[in-house]
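The values are calculated or read from the model by the stated rules, or taken from the named source; none is laboratory data. Computed from a predicted model, the values in this text were never measured in an experiment. In this analysis, Cβ positions are derived from the backbone assuming ideal geometry, glycine residues included, and neighbour counts consider all displayed protein chains.
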Amino acid sequence: MAVEKNTKDAVGAMRNPQTIWAAMTSSDFNFPLLQEAGELLRMGGLVAFPTETVYGLGANGLSDSACKKIYEAKGRPSDNPLILHIPSKEEIAPLVLEISNEAEQLLEAFCPGPLTLVFKKAEAVSDIVSGGLPTVAIRIPKHPVANQLLRLAGVPVAAPSANQSGRPSSTKASHVKEDLWNKIDMIVDGGDTEFGLESTIVDVSVSPPVLLRPGAITKNMIEEVVGTIELDPTILNKPEKDVKPKAPGMKYTHYAPKARVVLVDTEAETLVDTINHLIKSDNDKKIGVLATEKNAKQYENAVVRSLGNKENLEEIGKNLFDALRWFDEQNVDLIYSEMFIKEEVGLAIMNRLEKAAGYEVLRHR
Ligand code: TXA
Ligand code: MG
């Protein structure tokens, strides 16, 4: 347990000049500090905390002024709504107009966990949280630190991913520090996040439900519970000018490192040669390659980062955002990336990668 120390105003200060750093593992809660984090949230402060997906930047979801601070700290567009986080299903009812059978079934199967459900919102949910939409997104994280913190806060906690708007989501407390230190009141460090990709979002305000953002809870897993669901058309393709993603956040350039990212689509047998050829033909640039374990050592004259074993999509997903951030430190001009199957967790990986690449794909088939 380590605490990076603070000189903090009385709890309730609108903004702390000094961020508190509270490190804790799930088996080693620093309970007094977690209580302080809960108090800070309740009183209108901003607290970053670990969840099983990515780090969240929390604020009291019942306070407009606290929620506005989230948009400010992140530089987030105001029409991009926030997810409300609660510790258990019992807290949903006052926030929504109705809970459909499908919603009940998904809650039963996957919550707490890496799933966010979109409901018709109740009056109690402000337009600042919903970004002006008639719906509200709700998630019950299962990470023990997050879950305990939400209990201690005693209010629904609005929390987007704890990154500067447009940058890859934070999967480590150090990422949060890079992006938000001094803009927020406290960072609760719970180590690396388990999944490393944001939660699956399913709209249950309509029937059949619609998948708005793929994540660790896959389309197949959901369909086993509620039957066939629809896929928001913008998940896999560049949104057409007149087609808006139903999850407003999915329309923004996202997950993007500073360097241009290009996805390379070719047969597995020729992939390494193709990328090596591309590197050679661009020899005035510093080039990065986002690779898989088996191929990583075969790339020449490039800064290479392996995401892990191609067969292990969970591992790839867990490492993706850290790798994209790492390339920023390497000052590469251009990153070529291998691609993954768009199935199971691969759908979530490719969804994030395509956004990081601004949908730029080189086809060599
Ligand atoms: O795993 C996660 O979901 C993390 C952790 C911290 O819980 N949170 C997260 O929040 O990824 P954020 O704000 O980075 O992404 C939330 C996404 C955005 O694309 C937003 O537009 C969408 O959810 N969203 C929020 N409320 C919505 C609503 N009422 N209808 C449709 N989409 C909504
Ligand atoms: Mg985000």
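With (1) in a loop (DSSP other than H, G, I, E, B); (2) away from ligand 1 (no atom under 11 Å from the Cβ) as the list, and V145 as the residue in question, which single condition is left unmet?
Unmet for V145, out of (1) in a loop (DSSP other than H, G, I, E, B); (2) away from ligand 1 (no atom under 11 Å from the Cβ): (1).
Can you report the number of residues in region 225-263 which are more than 22 Å from P209 (Cα to Cα) and touching a strand residue (DSSP E or B) at 6+ places or on another chain (Cβ under 6 Å)?
5
With outside any helix (DSSP H, G or I), farther than 12 Å from T51 by Cβ, within 16 Å of ligand 2 (Cβ to nearest atom) and in contact with a strand residue (DSSP E or B) (Cβ under 8 Å, 6 or more places away or on another chain) as the only criterion, which of V129, V155, V136, V118 stands out?
Matching residue, one of V129, V155, V136, V118: V118.
Hey, among K258, K251, K280, K241, which residue is surrounded by fewer than 19 Cβ atoms within 10 Å (Cβ to Cβ), charged (D, E, K, R) and in contact with a helix residue (DSSP H, G or I) (Cβ under 7 Å, 6 or more places away or on another chain)?
From the options K258, K251, K280, K241, the qualifying one is K258.
Restricting to region 105-114, what's the tally of residues that are hydrophobic (A, V, I, L, M, F, W, C) and within 9 Å of ligand 1 (Cβ to nearest atom)?
0
Can you list residue pairs whose Cβ atoms sit under 8 Å apart, with the first residue in region 254-272 being free of Cβ contacts under 8 Å to residues at least 40 places away in the same chain and the second being polar (S, T, N, Q)? Count only pairs 6 or more apart in sequence or on different chains.
V272/N295; V272/Q298
Does at least one position in region 346-365 carry a residue that is of a type in the set (K, R), touching a residue at least 40 places away in the same chain (Cβ under 8 Å) and not in a helix (DSSP H, G or I)?
Residues of region 346-365 that are of a type in the set (K, R), as a first pass: 352, 355, 363, 365.
With the extra rule that they be touching a residue at least 40 places away in the same chain (Cβ under 8 Å), the set shrinks to 352, 355, 363, 365.
Now drop any that are not not in a helix (DSSP H, G or I), which leaves 363, 365.
Taking every residue of region 346-365 in turn, at least one turns out to be of a type in the set (K, R), touching a residue at least 40 places away in the same chain (Cβ under 8 Å) and not in a helix (DSSP H, G or I).
Could you list, in sequence order, the residues of region 86-105 that are of a type in the set (S, T, N, Q) and assigned to a loop (DSSP other than H, G, I, E, B)?
S88, S100 - these are the residues of region 86-105 that are of a type in the set (S, T, N, Q) and assigned to a loop (DSSP other than H, G, I, E, B).
Pairs needed: first member in region 38-60, at pLDDT 95 or above and away from ligand 1 (no atom under 16 Å from the Cβ); second member anywhere, part of a helix (DSSP H, G or I) and polar (S, T, N, Q); C-beta distance under 9 Å; at least 6 residues apart or different chains.
G38/Q148; G44/S65
From the set of residues in region 237-290 that are under 26 Å from S205 (Cα atoms) and of a type in the set (K, R), which is nearest to ligand 2 (Cβ to nearest atom)?
By that ranking, first place goes to K251.
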